[in-house]
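Below is one structure, written out as structure tokens; the observations come after it.
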Amino acid sequence: MSIPRPAAFQRYDPALAQPGPDEAALAAELDEVLLSISRKTWEDEGQGLRAVHAKSHGLLSAVVEVPAGLSPELAQGLFARPGRHPAVMRLSTTPGDLLADRVSTPRGIALRICDVPGARLDGSDGPGAQDFILVNGPQFNAPNGRAFLRSLKLLAKTTDRMDRTKKLISAILRGTERGLEAMGGESATLKAMGGEPPHHILGESFFTQLPLRHGDHIAKLQLVPVSTSLRALTDTRLDLSDDDALREAVIAFFAAQGGEWELRAQLCTSLKEMPVDDATARWDEARSPFRTVARVIAPPQPAWTPERSAAIDTGVGFSPWHGLEAHRPLGELMRLRRSAYAASQAFRARKNGVTLHPGCPFVAARAADR
């Protein structure tokens with residue numbers, strides 16, 4: 001597959017970071033809907049939870065290796081210099097309430113890379129760290145902020161303890177989704193509502209879905225399993241009859257072996273063909289394929305413990321706005337995430353009586369394991 005010459009890559013322009021005229025009002029409305037989810041789960045669970053991705057399935061310490069010899073258009077931001085960085089990975093599923101895994105929804109990975117030098121985004125306090133938020137699908141399920149708000153309002157109405165009903169609905173939706181995929185299609189909406197195929201989370205590929213500045217350029221990122229043991233899990237179906245089946249599968253895997261992923265960047269070559277503001281647009285990989293910028297290595301370890309959950313689930317707040325100016329989130333939905341993540345994190349920190357850790361809580365997590 002041919003790679004466009006560096007001159008063909010779209011240059012980053014600060015004008016792309018300018019908000020639209022009604023974004024402030026839209027952000028306030030979105031923040032309130034997300035907080036309504038957090039308030040409901042506080043009533044149900046007695047703890048401050050994330051408004052989305054409340055349940056974790058793996059909490060991993062890792063190392064991110066940036067190789068030497070990247071081409072100039074890839075060697076940008078934290079990838080500009082070869083080196084090794086400590087990192088944290090949090091594997092999760094999307095709902096804001098703690099559900100049995102039989103309610104099968106899209107999966108996510110929050111990746112925090114630490115000890116990263118460079119100018120930081122305004123308001124990105126603390127030590128040098130870069131967060132990337134990824135989901136196991138290449139496209140966002142709404143084209144813009146207004147459409148996302150409509151779907152989120154519907155989702156918020158389902159935040160309750162109706163666990164048995166949700167399990168039954170999820171089983172029906174998984175069957176419908178399986179039929180669609182058998183005919184060569186799929187539905188992001190069905191997956192979001194509980195129709196996510198019950199595959200092993202460690203065999204999945206993950207995507208930022210939304211664009212980021214990539215130094216002088218613009219990119220979307222992808223995290224792909226590359227070690228033989230992880231690749232063997234791709235499309236492997238799990239029995240979800242256990243309420244914590246995904247977590248138990250991750251724990252069992254990392255008790256015996258480690259895993260490796262590649263972090264890859266897809267550079268924008270044309271704002272017309274690869275738009276920043278249409279969140280459902282899938283950028284053509286024939287025009288610009290995903291290319292490796294780093295390797296993520298997680299050794300064998302206790303992949304989930306109560307102590308790690310206290311350190312990371314309770315003690316860390318991930319956000320695409322926690323990072324470098326060179327990786328500024330782009331597009332309306334990314335800008336809306338800024339206040340939404342901050343409001344959700346402030347709520348749960350206050351309810352849990354904690355101060356969120358701005359870096360990688362490795363020492364605490366590893367010490368607790370011993």
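The values are calculated or read from the model by the stated rules, or taken from the named source; none is laboratory data. Worth saying up front: this structure is predicted, and the values here are computed from it rather than measured. Backbone-built Cβ (ideal geometry, glycine too); neighbour counts: all protein chains shown. All accessible areas refer to the heavy atoms of the entire protein, side chains included, with ligands and DNA or RNA removed. Shrake-Rupley method; radii C 1.70, N 1.55, O 1.52, S 1.80 Å.
Once the piece of chain linking Val354 and Ser229 is laid out straight, how much longer is it, given 0.36 nm per residue of separation minus the C-alpha distance between them?
On the way: separation 125, 0.36 × 125 = 45.00 nm, distance 3.72 nm.
So the extension gain works out to 41.3 nm.
Stokes-Einstein diffusion for the chain, with the hydrodynamic radius set to the Kirkwood value over Cα pairs and evaluated at 25 °C in a medium of 0.890 mPa s, equals 118 µm²/s. Local charge for Met334 was computed over the other residues whose Cβ lies under 12 Å away, with Lys and Arg +1 and Asp and Glu -1, and equals +3. Full extension of the segment from Ala255 to Ala68, taken as 0.36 nm per residue of separation minus the current Cα-Cα distance, would add 64.2 nm. For Cys114, the accessible area of its heavy atoms, probed at 1.4 Å with every protein chain present, is near 10 square angstrom.
For q = 0.11, 0.18, 0.21, 0.25 Å⁻¹, what log10 I(q)/I(0) does the range 1-91 give under the Debye formula with an equal point scatterer on each alpha carbon and no solvent? Values returned for q = 0.11, 0.18, 0.21, 0.25 Å⁻¹ are -0.70, -0.99, -1.01, -1.15. As a rough guide to protection, the peptides 30-41, 209-220, 275-286 ranked by mean Cβ packing within 10 Å, highest first, stand as 209-220, 30-41, 275-286. Accessible area of Trp321 (1.4 Å probe, protein heavy atoms only, ligands and nucleic acids ignored): about 20 Å².
Can you give the helix-only mean residue ellipticity at 222 nm for the chain, where every DSSP H stretch with n ≥ 4 adds -39500 (n - 2.57) and the sum goes over all residues, rounded to the nearest 500 deg cm²/dmol?
Roughly -9000 deg cm²/dmol at 222 nm, from the helical runs in the chain.
The lysine pair count for the chain, using Cα distances under 19 Å and pairs eight or more places apart or on different chains, is 18.
In this simple spin-label model, placing a label point 7 Å from the Cα along the Cα-to-Cβ direction at both Ile297 and Ser151 gives a separation of 3.7 nm.
With +1 on each Lys and Arg Cβ and -1 on each Asp and Glu Cβ, how big is the dipole of the chain about its Cα centre, in debye rounded to the nearest 20?
Magnitude of the dipole: close to 120 debye.
Peptides 243-256, 305-318, 144-157 ordered by packing proxy, namely the average of other Cβ atoms within 10 Å per residue, highest first: 305-318, 243-256, 144-157. The mean accessible area for residues of the chain, using a 1.4 Å probe and ignoring ligands and nucleic acids, is 42 Å² per residue. Per atom type, the chain shows carbon and sulfur on 54% of its accessible surface, probed at 1.4 Å.
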